[in-house]
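Asks: Sharing a structure here in structure tokens format.
The values are calculated or read from the model by the stated rules, or taken from the named source; none is laboratory data. Treat the numbers as computed from the prediction; the structure is a model and nothing was measured. Cβ: placed from backbone, ideal geometry, glycine included. Neighbour counts: every protein chain shown. Each accessible area value is taken on the protein alone, full model and side chains, heavy atoms only, with ligands, DNA and RNA left out. Shrake-Rupley method; radii C 1.70, N 1.55, O 1.52, S 1.80 Å.
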There are 4 protein chains.
Amino acid sequence: MIFTSDNWAGAHPAIAASLSAHSTGFAAAYGASDLDRKVEQSFNEIFGQEVSVFFVGTGTAANSLALSAINRPGGVSFCHREAHVIADECGAPEFFSHGSRLVPVDGAEGKMEPAVLEAEIARFPEGFVHAGQPMAITLTQATESGTVYSPDEIRAISKIAKAHGLPLHMDGARFANALVALDLTPSQMTVDLGVDIVSFGGTKNGCWCAEALVFLDPAMATQAPFIRKRAAQLFSKSRFIAAQFDAYFENGLWLDVARHSNAMAARLQSGITSSSHARLAWASPANETFPIVPTSLSKDLTAKGAMFYEWSPPRSAAHLVGADETMLRLVTSFATTEDHVDQFIEMLG
Amino acid sequence: MIFTSDNWAGAHPAIAASLSAHSTGFAAAYGASDLDRKVEQSFNEIFGQEVSVFFVGTGTAANSLALSAINRPGGVSFCHREAHVIADECGAPEFFSHGSRLVPVDGAEGKMEPAVLEAEIARFPEGFVHAGQPMAITLTQATESGTVYSPDEIRAISKIAKAHGLPLHMDGARFANALVALDLTPSQMTVDLGVDIVSFGGTKNGCWCAEALVFLDPAMATQAPFIRKRAAQLFSKSRFIAAQFDAYFENGLWLDVARHSNAMAARLQSGITSSSHARLAWASPANETFPIVPTSLSKDLTAKGAMFYEWSPPRSAAHLVGADETMLRLVTSFATTEDHVDQFIEMLG
Amino acid sequence: MIFTSDNWAGAHPAIAASLSAHSTGFAAAYGASDLDRKVEQSFNEIFGQEVSVFFVGTGTAANSLALSAINRPGGVSFCHREAHVIADECGAPEFFSHGSRLVPVDGAEGKMEPAVLEAEIARFPEGFVHAGQPMAITLTQATESGTVYSPDEIRAISKIAKAHGLPLHMDGARFANALVALDLTPSQMTVDLGVDIVSFGGTKNGCWCAEALVFLDPAMATQAPFIRKRAAQLFSKSRFIAAQFDAYFENGLWLDVARHSNAMAARLQSGITSSSHARLAWASPANETFPIVPTSLSKDLTAKGAMFYEWSPPRSAAHLVGADETMLRLVTSFATTEDHVDQFIEMLG
Amino acid sequence: MIFTSDNWAGAHPAIAASLSAHSTGFAAAYGASDLDRKVEQSFNEIFGQEVSVFFVGTGTAANSLALSAINRPGGVSFCHREAHVIADECGAPEFFSHGSRLVPVDGAEGKMEPAVLEAEIARFPEGFVHAGQPMAITLTQATESGTVYSPDEIRAISKIAKAHGLPLHMDGARFANALVALDLTPSQMTVDLGVDIVSFGGTKNGCWCAEALVFLDPAMATQAPFIRKRAAQLFSKSRFIAAQFDAYFENGLWLDVARHSNAMAARLQSGITSSSHARLAWASPANETFPIVPTSLSKDLTAKGAMFYEWSPPRSAAHLVGADETMLRLVTSFATTEDHVDQFIEMLG
């Protein structure tokens, strides 16, 4: 029972098969192959409009190059305090955007609170060079807390972005999980709500290594080919990413995988809710689940072979965890089975 | 007949198979899996000593992070004028090393001339802050001209590096091709000759995407984990690189593939030498071949379906190409067959 | 009555005279003149040991180059939430240190609380690449709140720095004001307490433009000459800075000026304490004073010709300011006279 | 007799006096004083149109921030092989422009040869990400060889810049010397010839420390306030620069000083031409003179107290210097007198 992370899984069989199938023959390098073009076209279809797509190797790359592309000197980007960009990327976003700053914004359950966001932006008055200048807002969908921003919640943030002339970036490392949780189309979850740039993740949802930086407005992408190459993210055998995405989109595989992962999380949450030894810190419709358990039980679970991370509760949730309690993080993926979940729930007692 | 580049090939069947075989099950992410460990051990064995290995996604990443790891403020690195780092990486080495500079060094057939190298270094006297300070020497093995530095040639450069206290980096995007051309062990071609850091390439030699930054002295690598992560080059499902390298090293596959590619190049060169319509610009023992042909013949070859790049002759070879002549670059790989070569030679007439 | 900032004053007459006196004749450029050497020797004397001194043009430069000199990839430096480095330098410290991050540490009256500092550092466990790595602690002395860290308070922070292997930087834009407030020698306020690097400010204390980056351990400064030059902070006519410092140190002028400025602040604070229309937010022994007044009175004072900034209260002091009240910042300098102070106090009523 | 450099002189008496005169009283910091505004207006008048002016501390800063303001990812700027930006700034231009590259362009007597410039630009075909992309052309006026580009020569380079969509930057560390040598107005030497940005130097021409980054089209300067502040080049007591420029422009002092320096150089050149022991490497109408003398004579001159630099001849002039000969560089300034010159010429014999 491995719930450590969705990136502990390998590759979905259909994606592995696609990679094998495309391993023969010659194809133009550096993203110029027919397969690259086909997949770029898939992105256009998915977003319902022409978009600019750049394959990269990691989610950190997608996020960092997004900020690099909209960089301003002395720039400040706003993100949730627990966001991956600020908590888990070793300063890559700052490095790639020439030293711009990330400012943490508080909010419950992994989501920026619009009023707090406004207050943080207000600390950087227009033209006041000492403080620096606002440069972007970036939100994570689904969040690091397994929650998802509703369309209204995204709209509220987008409105703030537009009011301040700031591009809105969505870190979609778990884009598909959010999408199926909300039952929206990609366009409905982004274009229609004022999102400008998406880090579109495939890796956590069944690919080996397939991430895309998507500019919903191609006009924002004029410098992106150079930004990507300069960042050492232009792959020579680019079709190895394209082949993964090709299978990913085929017959909606990506949505099926996300639905499965979310369903496994829902099954976990249902079991936890029924258990007398654990409770949920909060409900989370995507593929991450955060139970609170007695610390001794956490050790027992580990001893019995369950794998997961004990999780530092977010600042806003610290009060939920009692003195002898521990918060866990359980992540599900395409490789999680009902059996894994049921065994874990049984262990929980 | 595709001779455009070795990165137009896909993945060697054994490598594709390994990737499929490792696609199931769970494994620790971010390079902590047993397979990652096993492959790191393979690197130790190959180099005959403990080394520090960091998987990355592109050769540009390996080169750039090597320079980042040995970065000095106002630093200047010396490379051949036609080296990949200076000619083909969109400034990535400079970007990742905080604006350090690459200084081109002249020399015939893709190899730095030691006397010229000395003269260039001398332009940066010790402690003279206005000019900046020497920081590294980087050589490409095999070179962009398909040639290889002999042990004596590497030793001559290494001696200069040591005299000036400079680390010596080897861009080994085609490391295996050089190795088998020289019939040396990895240790003989690097450690024994004073090389400090190697960009160890697998992609051009039959992998999809498998590059490694190898510090021959682990003491030089203390900051490298952070440098790699900050560069967005730490892959979550790192075993997808490990699985490629695992097959790559199995039973010396990597050397067999390189021998094949070089042999195909030798076959091409033999055919060209025999042709009355073409001649070699220079002999090149690795997997790149540079014929000079009448410009009209180049067009004919293309029209008949041969694919290759017309190549701007290096500055030092410009005089070799006549007014109505064109230099071609022909690259061979695991996917090149004797048939491909023979067809091309036949077309040549 | 101008209390906006100590940088609204010009140059102290003795410093202006020194600059005039040194304006004739020839002298070696780029810091190599006899006068530069003499002033460097003064720094050695002041700190009671051999130090490495680099003149720069702004306090932001001194702070930024200090962090650049101790840079680590993915590095994180800890400072007070209101510190100049994080609040007023437009991201220069991050830019010059290749995208390293500043993490705000809370604490009352402008001083980092050691327990909070420890907790923030603990968020970056050793070797955990995702979070980044601690790289420095930087404290401001005197603080942006006009307060000064006591020797014990510095020692507590220094102890944490040493425990984590972190260099300790002191932003001494108002070094002299702190020094005379504590009645310590420079060595007692730095070397003896474990400070490693000092941004030594002269500008706010009567110079035109004279700042120095001082490495108390010269071994930390080996790359600093290149770091300064690369930062465009090596002045050709460097003696124009040396001439200012020469007068600054002559007969303890710098301490006299600081004593005067602090005395003017004390006189202000005494008047405010006596006033029935104003109160001090906190006591501040250096040259900045923070009264809280009715908002209407603030407007009146401005209308009557007093100049100062209305000040956003620090997060930790927000509760001190009532609904119809405003916090002011009053800064005194060599140019502030008793008359200025008394007029202001009279206006206050 | 000191001919080492124009930055070995101090400050012109009128400039020193202005600084003293403005040292009293209070003035708004960070460039917001009336004096700052007045001097900005002087720049508008000098260039005959509204320009955007940013005071900075060094010529290296002006050059580097110019390139930072027009930065492109993977960018490549073209300059003469001996230009200050590439030869004497320790990589500052690359650092401030996020790792962009400087490409040396050959040409006699310090001036880029248009045909060579075109050939170098052609190495970076549009949209070819591997090579990087052209980003700027920068020329030095007067050049490091004491020569000046004629209007036609600037026009030829400007035409190339416009054809490739590249901004044209002029490093005017010795702007005044070139201007009076050509007998042009600032506008005639820049705006009318298609120059976009000027590093306007005062330091070498009699100021202590007064440089300005001038955007001839204010629309190019929208990010410059943040670029300057982030670069630690916004001076708090900015009026100390303004006070220098104020005197500099008063009654054409700057032109008079430049005329004097150039006249002293002409007197030197006349003396050298008449000497049977020395000859000019080339004629140079600005304030730098390059004689070739027997090496033994160079030693003699030094022994007798003359100070100057022995100069490595530029690549294009190496053939001018015989085996036992040495090239010297002699720089004149406001502080050079006819006596200094005549003594030197007498020593020359």
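Asks: Under a 1.4 Å probe, what is the accessible area of the protein assembly as shown per residue, stated in Å²?
Replies: 32
Asks: Now for a different question. Applying 1/(1 + (r/R0)^6) with R0 = 56 Å to the Cβ-Cβ distance of B:Asp152 and B:Met307, what FRET efficiency is obtained, to the nearest 0.05?
Replies: Values: r = 37 Å, r/R0 = 0.65.
Rounded to the nearest 0.05, the efficiency is 0.95.
Asks: Oh, and also: To check my understanding: the extent here is largest minus smallest coordinate of the Cα atoms along each principal axis. What are those three numbers for region C:117-268, in Å, largest first?
Replies: Result, largest extent first: 49, 41, 24 Å.
Asks: Going through the cross-link list B:Lys162/C:Lys38; C:Lys204/C:Lys299; C:Lys204/C:Lys229, which pairs have a Cα-Cα distance over 32 Å in this structure?
Replies: B:Lys162/C:Lys38
Asks: Size of the dipole of region A:8-112 about the Cα centre, Lys and Arg at +1 and Asp and Glu at -1 on the beta carbon, nothing else charged, in debye to 20?
Replies: Values: 6 positive and 11 negative charges, 32 e Å.
Dipole size: approximately 160 debye.
Asks: Give the Kirkwood hydrodynamic radius (Å, one decimal) of region D:135-177, defined as one over the mean of 1/r across all pairs of different Cα atoms.
Replies: About 10.7 Å, per the Kirkwood formula over Cα pairs.
Asks: Right, next: Answer with one residue from A:Ile160, A:Tyr248, A:Ala231: the one whose Cα lies farthest towards the positive end of the charge dipole of region A:143-257, charges on Cβ with Lys, Arg +1 and Asp, Glu -1.
Replies: Sorting the options by dipole projection puts first A:Ala231.
Asks: Starting from the 7 Å offset along Cα-to-Cβ, what nm value, one decimal, do you get for the label separation of A:Asp324 and D:Ser276?
Replies: 10.9
Asks: With viscosity set to 0.890 mPa s and temperature to 25 °C, compute the Stokes-Einstein D of the protein assembly as shown, Rh being the Kirkwood radius across alpha carbon pairs; µm²/s, no decimals.
Replies: Answer, rounded: 73 µm²/s.
Asks: On to the next question. Charges only on Cβ, +1 for Lys and Arg, -1 for Asp and Glu: so what's the dipole of chain B about the Cα centre, in debye to the nearest 20?
Replies: Numbers: 24 positive and 37 negative charges, 147 e Å.
The dipole magnitude comes to about 700 debye.
Asks: Assigning unit charges at the beta carbon (Lys, Arg +1; Asp, Glu -1) and nothing else, what dipole magnitude in debye, to the nearest 20, does the protein assembly as shown show about its Cα centre? Don't skip to the answer; put the middle values down first.
Replies: Details: 96 positive and 148 negative charges, 0 e Å.
Dipole about the Cα centre, nearest 20: 0 debye.
Asks: While we're here: How do D:29-36, C:205-212 rank on mean C-beta neighbours within 10 Å, highest first?
Replies: Answer by packing, highest mean first, reads C:205-212, D:29-36.
Asks: Further, regarding this structure: Please report the accessible area of A:Val180 (heavy atoms, 1.4 Å probe, ligands and nucleic acids excluded) in Å², nearest 10.
Replies: It works out to around 30 Å².
Asks: Once the Cα gyration tensor of region A:211-349 is found, what semi-axes does its equivalent ellipsoid get, as square roots of 5 times the eigenvalues, in whole Å, sorted largest first?
Replies: Value: 38, 19, 14 Å, ordered largest first.
Asks: What does the structure give for B:3-16 when I average, per residue, the other chain Cβ atoms found within 10 Å of the residue Cβ?
Replies: 5
Asks: Working with all protein chains in place, sort A:His277, B:His319 by solvent-accessible area computed with a 1.4 Å probe, largest first.
Replies: The residues order as B:His319, A:His277, largest area first.
Asks: Related question: Counting only helical runs of four or more DSSP H residues, what would the 222 nm mean residue ellipticity of chain B come to if each run contributes -39,500 (n - 2.57) and the total is spread over all its residues?
Replies: -11500 deg cm²/dmol
Asks: Something else now. DSSP loop (so not H, G, I, E, B), at most 14 other Cβ within 10 Å: list which chymotrypsin sites (Phe, Trp or Tyr not before Pro) in region C:38-103 pass both filters.
Replies: Passing both the DSSP loop test and the Cβ count: no residue.
Asks: Among C:Gly172, C:Phe128, C:Leu184, flag the residue with its Cα farthest along the positive direction of the charge dipole of region C:79-214, charges on Cβ as +1 for Lys/Arg and -1 for Asp/Glu.
Replies: C:Phe128
Asks: Then there is this: Averaged across A:67-73, how many Cβ atoms of other chains sit within 10 Å of each residue's Cβ atom? Numbers along the way, then the final one.
Replies: Details: counts 0, 2, 1, 0, 4, 6, 17.
Mean partner-chain Cβ count within 10 Å for A:67-73: 4.
Asks: I'd like the antiparallel share, as a percent to the nearest 5, of DSSP beta bridges with both residues in the protein assembly as shown.
Replies: 50
Asks: So how do D:Trp311, A:Trp8 rank on accessible area, 1.4 Å probe, biggest first, that is with the largest at the start?
Replies: D:Trp311, A:Trp8
Asks: Something else now. Where does region B:184-258 land on Rg(C-alpha)/(2.2 N^0.38 Å)?
Replies: Working: Rg = 13.5 Å, N = 75, 2.2 N^0.38 = 11.3 Å.
Relative to the rule-of-thumb radius for its length, region B:184-258 sits at 1.19.
Asks: Could you calculate the FRET efficiency of D:Lys299 with B:Ala122 from 1/(1 + (r/R0)^6), where r is the beta carbon distance between them and R0 is 22 Å, rounded to 0.05?
Replies: 0.55
Asks: List the GluC sites (Glu not before Pro) within region D:88-149 that fall in a DSSP loop (any state other than H, G, I, E or B) and whose Cβ has at most 12 other Cβ atoms within 10 Å.
Replies: Answer in residue order: D:Glu126.
Asks: Label chain A by shape, choosing from rounded, prolate and oblate, from the square roots a ≥ b ≥ c of the eigenvalues of the Cα gyration tensor; if a/c is under 1.5 it is rounded, and otherwise prolate applies when a/b is larger than b/c, oblate when it is not.
Replies: Here chain A falls in the oblate category.
Asks: Let me ask something else about it. From the Cα gyration tensor of region B:49-166, with a ≥ b ≥ c the square roots of its eigenvalues, which class applies: rounded if a/c is under 1.5, or else prolate if a/b is larger than b/c, or else oblate? Could you put the intermediate results ahead of the total?
Replies: Details: a/c = 1.36, a/b = 1.03, b/c = 1.32.
It is rounded, given that a/c, with a ≥ b ≥ c, falls under 1.5.
Asks: Work from the charge dipole of chain A (Cβ charges, +1 for Lys and Arg, -1 for Asp and Glu, about the Cα centre) and give the residue of A:Thr273, A:Val103, A:Ile70 farthest towards its positive end.
Replies: Sorting the options by dipole projection puts first A:Ile70.
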